[in-house]
1. Give the residue list of trypsin sites (Lys or Arg not before Pro) in segment 38-129 that are DSSP loop and have at most 14 other beta-carbon atoms within 10 angstrom.
2. Roughly to the nearest percent, how much of the accessible area of the chain is carbon and sulfur, given a 1.4 Å probe?
3. Please compute the per residue accessible area over the chain with all protein chains in place, 1.4 Å probe, rounded to a whole number of Å².
4. With angles folded into 0 to 90 degrees, how steeply does helix 93-102 sit against the dominant principal axis of the chain? Use alpha carbons for both and round to 10.
5. Identify, among Phe87, Ala64, Gln43, the residue whose Cα sits farthest towards the positive end of the charge dipole of segment 43-90, taking +1 on the Cβ of Lys and Arg and -1 on the Cβ of Asp and Glu, with the dipole about the Cα centre.
6. Quick one: dipole size for the chain, taken about the Cα centre, charges +1 on Lys/Arg Cβ and -1 on Asp/Glu Cβ, in debye to the nearest 20.
7. Under 20 Å Cα-Cα from Lys117, which aspartates and glutamates qualify once same-chain neighbours fewer than 8 residues away are excluded?
8. Expressed as an acute angle from 0 to 90° and rounded to the nearest 10, what is the orientation of the C-alpha long axis of helix 64-78 relative to the principal long axis of the chain?
Amino acid sequence: MTIPMYLAQTPWEFTQNSHENTNPAWMSCRFSPSHTGLIHIPQQLPENTLLILDDMTPPQGHDADLIRSTLSEIIGKFRCSGILLDFQRPDRPESLQIIEKLLSLPCPVIVSDIYAKELDAPVFLPPIPPCITPEEYCIPWKNRKIYLEIAIQTQTLTLTEHGCQISDCNYKDHRELPHFHPNLCCHYGLCLSDSQATFTLYRSKEDNISLLSSLEQLGVKGCVGLYQDFK
């Protein structure tokens, strides 16, 4: 497997774990609620860590030059492999201005799909739903460098005379899903009644590892998963 898989960890998890033979990612770097810079800035990182900046606290009057200077210092000091801008609040001009300022950083700057469409930057995509093939999912981003979030997921597809309803769900007993779909890289089971057919699709930790082997040809350069799921 040549695609790196980054394990995203909170600052507390970083202090508790060894990072040998892993690709760590630092979570929770955020815009400060009390000044114009950042909070949760790492004081020590292993070389080649992916640094994640999110917008859980939205930017409001923050200093883009100060933020760029802070991140540039971290990159140079710890030799980070890249910056992931995991911005999930759409249609915020100030967020876009900060992103455009940070694109000049001397490392790969990966931008969430919400903002990446019009930018010349690698794109960060949410997890591929179990009911969609990787090829279909990546078509809108053809010829782009893709970084993909991976996650343990479950969906139900309920077929009735009125059509198909797709829902996310929590499914506890995965032993009841005996079948494996190689193109979807997930396990599934089927429950039939007089009025409907319900498919349960589950992509486990092991299924996600299988998924990685099919992604390189689609332009995927790296994957990011939570440490608590894939440790």
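1. Sites meeting the loop and neighbour criteria: Arg79, Lys117.
2. 49 percent
3. On the way: 12430 Å² over 231 residues.
Per-residue value: 54 Å².
4. 70 degrees
5. Working it through, the farthest residue towards the positive pole turns out to be Gln43.
6. 440 debye
7. Partners found: Asp54, Asp55, Asp86, Asp91, Glu94, Glu100, Glu135, Glu136, Glu149.
8. 80 degrees
The values are calculated or read from the model by the stated rules, or taken from the named source; none is laboratory data. Everything numeric in this text was worked out from a predicted model, so none of it was measured. Every residue, glycine among them, receives a Cβ derived from its backbone with ideal geometry; neighbour counts consider all protein chains shown. Ligands, DNA and RNA are stripped out before the accessible areas are found, and what is left, the full protein with its side chains, is counted by its heavy atoms. Shrake-Rupley method; radii C 1.70, N 1.55, O 1.52, S 1.80 Å.
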